[in-house]
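Notes to accompany the following structure.
The values are calculated or read from the model by the stated rules, or taken from the named source; none is laboratory data. If you're wondering where the values come from, they're calculated on a predicted model, not measured in any experiment. Note that we place each Cβ from the backbone using ideal geometry, even for glycine, and neighbour counts take in every protein chain shown. Ligands, DNA and RNA are stripped out before the accessible areas are found, and what is left, the full protein with its side chains, is counted by its heavy atoms. Shrake-Rupley method; radii C 1.70, N 1.55, O 1.52, S 1.80 Å.
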Amino acid sequence: MNPIRIELPTEFNVGPVNSYLFTEPEPILVDCGVDTEAGWDALQGGLAQHGLMPTDIHRIIITHPHVDHFGLATHILAQSDCQVWVSDLAPEWLTNPKKMFGLRLAYYRDYFLRQAGLPKEASQLVQAYFAKVGEETTPIPAERIQTFKIEAWLAMGGADWQVLHMPGHASHQTCFYQPDSRQFLSADMLLPKTPTPIVERPSDGITRQPSLPIFMESLKRCEALEIDWVFPGHGEPFQNHCQLIHKQRNRIHKRKDEALTLIQQGHHTAYALMNEMYAHYPPAFRVAGLWMLIGYLDLLQAEGKIEVETVGSVWCFSVAGD
């Protein structure tokens, strides 16, 4: 059977998030939205359209541990005997979100935001956001979680779906591919608008992995798949995934080249570049572009076009060879 899309509201700029329902041979949800009253009402309404209630759900499968994808799990668990399934890369984000967001916050505060050159006020806004998310995210009891491996196959809707690890937007992200029907549950890997490559806390707490170059490698893997229909984490299902990938890849390289031009013009810190690259936004909203900007700089470094040195605690970028 085809995944049934249930659109759930969010308060984020990305807009509504999708939960996908399989009704047969047992009711399964893939992702389950943000923990808000509006989201809960929308989920119950979507289930009711197919003669179901939260008590009927047998499994919740989480593509990646972002709050807009697992937030309502505890509400469903309170009404059913179901288990939450997530890859073995991610369970602690579900069982102890306060700790995990706290670790990310500490890395941002002590390293990343300083290195990007953010002034105190802008840095505090970012820190306050992640602290709020960590405090407000309800943990899922460990005994209600089952893990699967990233090379596993999951039974959903009467078919076996291949688990594909697709990092870039999130290092723990998994997508699900059904080769017979050529359907792809893409999570936030393939979206109508290019997803943000989130800067993750490094495993050693210091050495950052380049999220956008990793995302570009995942794009290549998606491009090689034989897909008829993409069921994304946000937006309507779509076809012609290679056309979308081509368009997004071209835009990424265009914006990357714009960043290089700005460095040549004398903008040398991430904060200065952010204010130029996102000058069309009000100053208070420009920081939302920081993560994508860092991705462009990572690509330029990987291509050998720029160099970076740390002055004080701040990254300073220059054209290679200058």
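Looking at (1) touching a Gly at 6+ places or on another chain (Cβ under 9 Å); (2) touching a residue at least 24 places away in the same chain (Cβ under 8 Å), which is the only condition ASP110 fails? Going through (1) touching a Gly at 6+ places or on another chain (Cβ under 9 Å); (2) touching a residue at least 24 places away in the same chain (Cβ under 8 Å) one by one, ASP110 breaks only (2).
Is there a residue in region 279-286 that is farther than 20 Å from HIS172 by Cα, open to solvent by less than 50 Å² (accessible area, probe 1.4 Å) and at pLDDT below 95? Yes, there is a match, as at least one residue in region 279-286 is farther than 20 Å from HIS172 by Cα, open to solvent by less than 50 Å² (accessible area, probe 1.4 Å) and at pLDDT below 95. Residues of region 288-322 that are of a type in the set (Gly, Ala, Ser), loosely packed, with under 13 Cβ neighbours inside 10 Å and in contact (Cβ under 8 Å) with a residue 40 or more places away in the chain: SER313 alone.
Any residue at all in region 124-138 that is open to solvent by 50 Å² or more (accessible area, probe 1.4 Å) and either touching a Cys at 6+ places or on another chain (Cβ under 8 Å) or under 16 Å from GLU200 (Cα atoms) (or both)? Within region 124-138 (the criterion being open to solvent by 50 Å² or more (accessible area, probe 1.4 Å) and either touching a Cys at 6+ places or on another chain (Cβ under 8 Å) or under 16 Å from GLU200 (Cα atoms) (or both)), the answer is yes, since at least one residue qualifies.
Within region 11-23, the set of residues being of a type outside the set (A, V, I, L, M) and either at pLDDT below 95 or touching a Phe, Trp or Tyr at 6+ places or on another chain (Cβ under 9 Å) (or both) comprises GLU11, PHE12, ASN13, GLY15, ASN18, TYR20.
Rundown of residues vs (1) assigned to a helix (DSSP H, G or I); (2) not hydrophobic (A, V, I, L, M, F, W, C), yes/no style:
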residue	(1), (2)
GLU236	no, yes
GLN243	yes, yes
ARG249	yes, yes
ALA272	yes, no
TYR281	no, yes
GLU309	no, yes
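The set of residues from region 156-176 being open to solvent by less than 20 Å² (accessible area, probe 1.4 Å) and over 16 Å from the mean Cα position of the chain (by Cα) comprises MET156, GLY157, TRP161, VAL163.
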